[in-house]
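These notes are about the structure you will find just below.
The values are calculated or read from the model by the stated rules, or taken from the named source; none is laboratory data. What you see is a predicted model; the values in this text were computed from it and never measured. All Cβ positions, glycine included, derive from the backbone under ideal geometry; neighbour counts span all protein chains shown.
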Amino acid sequence: MIEFLCTVQEECISENIRGELEKALEEVCSEILGQTKELFRVSWTEIPKEFGFRGGRPTTTSHVRGQIPDGCDSETRERLMKEIGERWYDITGQTEHELIVSARDEGWEGNTIRSN
(Lines give C-alpha, C1' and ligand atoms only; values in the text may rest on other atoms or scores of the structure.)
Protein backbone atom coordinates (compact mmCIF):
# COMPACT_ATOMS: atom_id res chain seq x y z
CA MET A 1 0.00 0.00 0.00
CA ILE A 2 1.20 3.48 -0.87
CA GLU A 3 -0.22 6.27 1.26
CA PHE A 4 0.37 10.00 1.36
CA LEU A 5 -0.66 12.47 4.01
CA CYS A 6 -0.62 16.01 2.63
CA THR A 7 -0.55 18.69 5.31
CA VAL A 8 -1.33 22.13 3.93
CA GLN A 9 -1.96 25.58 5.33
CA GLU A 10 -5.47 27.01 5.03
CA GLU A 11 -5.88 29.16 1.90
CA CYS A 12 -2.56 27.97 0.42
CA ILE A 13 -3.65 24.85 -1.51
CA SER A 14 -7.23 25.22 -2.68
CA GLU A 15 -9.53 22.22 -2.69
CA ASN A 16 -10.14 22.57 -6.43
CA ILE A 17 -6.54 21.54 -7.25
CA ARG A 18 -6.21 18.73 -4.70
CA GLY A 19 -7.62 16.16 -7.12
CA GLU A 20 -4.96 17.16 -9.65
CA LEU A 21 -2.29 16.81 -6.97
CA GLU A 22 -3.59 13.36 -6.02
CA LYS A 23 -3.49 12.30 -9.67
CA ALA A 24 0.08 13.60 -9.98
CA LEU A 25 1.16 11.67 -6.86
CA GLU A 26 -0.41 8.51 -8.24
CA GLU A 27 1.22 8.97 -11.66
CA VAL A 28 4.66 9.56 -10.14
CA CYS A 29 4.35 6.44 -7.97
CA SER A 30 3.20 4.40 -10.94
CA GLU A 31 6.05 5.65 -13.14
CA ILE A 32 8.80 5.25 -10.55
CA LEU A 33 7.58 2.46 -8.27
CA GLY A 34 5.35 0.61 -10.74
CA GLN A 35 2.41 0.49 -8.31
CA THR A 36 -1.21 -0.01 -9.30
CA LYS A 37 -4.12 2.28 -8.48
CA GLU A 38 -5.79 -0.19 -6.11
CA LEU A 39 -2.89 0.17 -3.69
CA PHE A 40 -2.87 3.97 -3.44
CA ARG A 41 -4.45 6.49 -1.03
CA VAL A 42 -4.09 10.22 -0.29
CA SER A 43 -5.36 12.00 2.85
CA TRP A 44 -5.41 15.71 3.55
CA THR A 45 -4.95 17.74 6.72
CA GLU A 46 -5.45 21.48 6.68
CA ILE A 47 -3.81 23.66 9.31
CA PRO A 48 -6.05 26.64 10.22
CA LYS A 49 -4.76 30.04 9.15
CA GLU A 50 -2.21 31.45 11.60
CA PHE A 51 -1.87 28.12 13.45
CA GLY A 52 1.32 27.21 11.54
CA PHE A 53 4.45 29.32 11.90
CA ARG A 54 7.98 29.13 10.55
CA GLY A 55 10.66 31.56 11.63
CA GLY A 56 8.13 33.39 13.79
CA ARG A 57 5.82 34.16 10.84
CA PRO A 58 2.73 32.45 9.42
CA THR A 59 3.89 29.72 7.06
CA THR A 60 2.78 28.65 3.60
CA THR A 61 4.77 25.41 3.77
CA SER A 62 3.13 22.13 2.76
CA HIS A 63 4.29 18.67 3.81
CA VAL A 64 3.77 15.60 1.65
CA ARG A 65 4.52 12.59 3.84
CA GLY A 66 4.55 9.26 2.06
CA GLN A 67 4.58 5.60 2.99
CA ILE A 68 5.96 3.37 0.23
CA PRO A 69 6.69 -0.36 -0.09
CA ASP A 70 9.70 -1.70 1.80
CA GLY A 71 12.99 -2.12 0.00
CA CYS A 72 13.12 1.03 -2.12
CA ASP A 73 16.77 1.93 -2.77
CA SER A 74 18.05 5.46 -2.04
CA GLU A 75 18.37 6.45 -5.70
CA THR A 76 14.76 5.49 -6.47
CA ARG A 77 13.46 7.14 -3.29
CA GLU A 78 15.30 10.38 -4.12
CA ARG A 79 13.96 10.32 -7.69
CA LEU A 80 10.44 9.77 -6.36
CA MET A 81 10.62 12.67 -3.90
CA LYS A 82 12.19 15.00 -6.46
CA GLU A 83 9.51 14.24 -9.06
CA ILE A 84 6.74 14.69 -6.48
CA GLY A 85 8.19 18.11 -5.72
CA GLU A 86 8.42 19.09 -9.38
CA ARG A 87 4.81 18.15 -10.04
CA TRP A 88 3.65 19.89 -6.86
CA TYR A 89 5.45 23.13 -7.86
CA ASP A 90 3.96 23.01 -11.37
CA ILE A 91 0.41 22.54 -10.09
CA THR A 92 0.42 24.81 -7.03
CA GLY A 93 2.90 27.51 -7.91
CA GLN A 94 4.65 26.91 -4.59
CA THR A 95 8.43 26.99 -4.52
CA GLU A 96 10.97 24.50 -3.20
CA HIS A 97 11.07 26.61 -0.02
CA GLU A 98 7.37 25.89 0.60
CA LEU A 99 7.34 22.09 0.36
CA ILE A 100 8.71 19.23 2.43
CA VAL A 101 8.50 15.76 0.86
CA SER A 102 9.29 12.56 2.75
CA ALA A 103 8.86 8.89 1.88
CA ARG A 104 9.35 6.17 4.46
CA ASP A 105 9.17 2.41 4.15
CA GLU A 106 5.84 0.80 4.99
CA GLY A 107 7.49 -1.45 7.58
CA TRP A 108 9.25 1.38 9.41
CA GLU A 109 8.43 1.17 13.13
CA GLY A 110 8.46 4.91 13.93
CA ASN A 111 5.54 7.33 13.75
CA THR A 112 3.11 6.18 11.10
CA ILE A 113 0.32 7.54 8.94
CA ARG A 114 -2.97 6.52 10.47
CA SER A 115 -5.97 6.49 8.16
CA ASN A 116 -9.51 6.85 9.45
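Observations on the model:
- If you go through region 2-25 and pick out every residue that is surrounded by 14 or more Cβ atoms within 10 Å (Cβ to Cβ) and in contact (Cβ under 8 Å) with a residue 40 or more places away in the chain, you end up with 13.
- Taking the criterion of being of a type in the set (Ser, Thr, Tyr) and under 11 Å from the mean Cα position of the chain (by Cα), the only residue of region 52-88 that qualifies is SER62.
- Counted residues, region 41-65 - those being assigned to a loop (DSSP other than H, G, I, E, B) and touching a helix residue (DSSP H, G or I) at 6+ places or on another chain (Cβ under 6 Å): 2
- Being surrounded by 15 or more Cβ atoms within 10 Å (Cβ to Cβ) and among the hydrophobic types (A, V, I, L, M, F, W, C) is true of ILE84.
- Subset of region 34-75 that is more than 24 Å from GLN94 (Cα to Cα) and polar (S, T, N, Q) - its residue that is modelled with the lowest pLDDT: THR36
- Within region 62-91, the set of residues being in contact with an Asp or Glu (Cβ under 8 Å, 6 or more places away or on another chain), closer than 29 Å to PRO48 by Cβ and among the β-branched types (Val, Ile, Thr) comprises ILE91 only.
- Residue match in region 1-14 (condition: acidic (Asp, Glu), part of a loop (DSSP other than H, G, I, E, B) and either within 29 Å of GLU109 (Cβ to Cβ) or out of contact with any strand residue (DSSP E or B) (no Cβ under 6 Å at 6 or more places or on another chain) (or both)): yes
- Within region 59-73, the set of residues being surrounded by 14 or more Cβ atoms within 10 Å (Cβ to Cβ) and not hydroxyl-bearing (Ser, Thr, Tyr) comprises HIS63, VAL64, ARG65, GLY66, GLN67, ILE68, PRO69, CYS72.
- Test for SER30: is it hydroxyl-bearing (Ser, Thr, Tyr), within 19 Å of GLU106 (Cα to Cα) and touching a residue at least 40 places away in the same chain (Cβ under 8 Å): no
- Exactly one residue among VAL101, VAL28 is surrounded by 15 or more Cβ atoms within 10 Å (Cβ to Cβ), within 13 Å of the chain's Cα centre (by Cα) and outside any helix (DSSP H, G or I), and that residue is VAL101.
- Scanning region 66-95 for residues that are touching a Phe, Trp or Tyr at 6+ places or on another chain (Cβ under 7 Å) and either assigned to a strand (DSSP E or B) or among the acidic types (Asp, Glu) (or both) gives a single hit, GLY66.
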